[in-house]
Amino acid sequence: MRGLAESLAGTGATVNAILPGPPLSEGVGEFFGKIAAERGVPQAQVEQEFIATHRLFSLIKRLASVDEVASLSVYLASGQASATTGAAMRVDGGVVRSAF
């Protein structure tokens, strides 16, 4: 993103990347629902087990919603983000540990 943003410097265009973790999309929800039905447990339990097993470093302790990912997209496309460029923006609930 930085290199592309540098090539567009001074044009008024911004360049950013959105790095979502796997959101709780319709398909993921259906997948969790199927597992829950097979096991005879609530879907919320399957989701929490997934987080505890596969997303140990999640700071929000849940999957992000598709609306939360979309909100970042809307912000970055808005004039309010006019000074944000060359950035990789994570929307993963803090799953990835980063020095930045």
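Quick grid of which residues meet (1) over 18 Å from residue 1 (Cα atoms); (2) among the charged types (D, E, K, R); (3) surrounded by 11 or more Cβ atoms within 10 Å (Cβ to Cβ):
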| residue | (1), (2), (3) |
| --- | --- |
| 31 | yes, no, yes |
| 58 | yes, no, yes |
| 62 | yes, yes, yes |
| 66 | yes, no, yes |
| 77 | no, no, yes |
| 94 | yes, no, yes |
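Only a single criterion out of (1) without any contact (Cβ under 8 Å) to a residue 60 or more places away in the chain; (2) outside any loop (DSSP other than H, G, I, E, B); (3) buried (at least 16 other Cβ atoms within 10 Å of the Cβ); (4) in contact with a helix residue (DSSP H, G or I) (Cβ under 8 Å, 6 or more places away or on another chain) is not satisfied by residue 72, namely (4).
Just to be sure, is residue 35 at pLDDT 95 or above, out of contact with any Lys or Arg (no Cβ under 7 Å at 6 or more places or on another chain) and aliphatic (A, V, I, L, M)? Break it down stepwise before answering.
Details: at pLDDT 95 or above: yes; out of contact with any Lys or Arg (no Cβ under 7 Å at 6 or more places or on another chain): yes; aliphatic (A, V, I, L, M): yes.
When the stated conditions are applied, residue 35 passes them.
Sort out for me the helices (runs of 4 or more DSSP H) sitting completely within the stretch 1-54 that have 3 or more residues that are of a type in the set (Asp, Glu). In the stretch 1-54, 26-39 are the helices (runs of 4 or more DSSP H) which contain 3 or more residues that are of a type in the set (Asp, Glu).
Within the stretch 24-70, how many residues turn out to be among the small types (Gly, Ala, Ser) and at positive phi?
Total meeting the criteria: 1.
The number of residues in the stretch 16-50 being more than 18 Å from the chain's Cα centre (by Cα) and either closer than 30 Å to residue 85 by Cβ or of a type in the set (Lys, Arg) (or both) comes to 2.
Can you confirm whether residue 83 is at negative phi, free of Cβ contacts under 8 Å to residues at least 40 places away in the same chain and either part of a loop (DSSP other than H, G, I, E, B) or assigned by TED's automatic domain parsing to the domain that holds residue 9 (or both)? The answer is yes for residue 83.
The values are calculated or read from the model by the stated rules, or taken from the named source; none is laboratory data. In this text, all values refer to a predicted model and were calculated from it rather than measured experimentally. In this analysis, Cβ positions are derived from the backbone assuming ideal geometry, glycine residues included, and neighbour counts consider all displayed protein chains.
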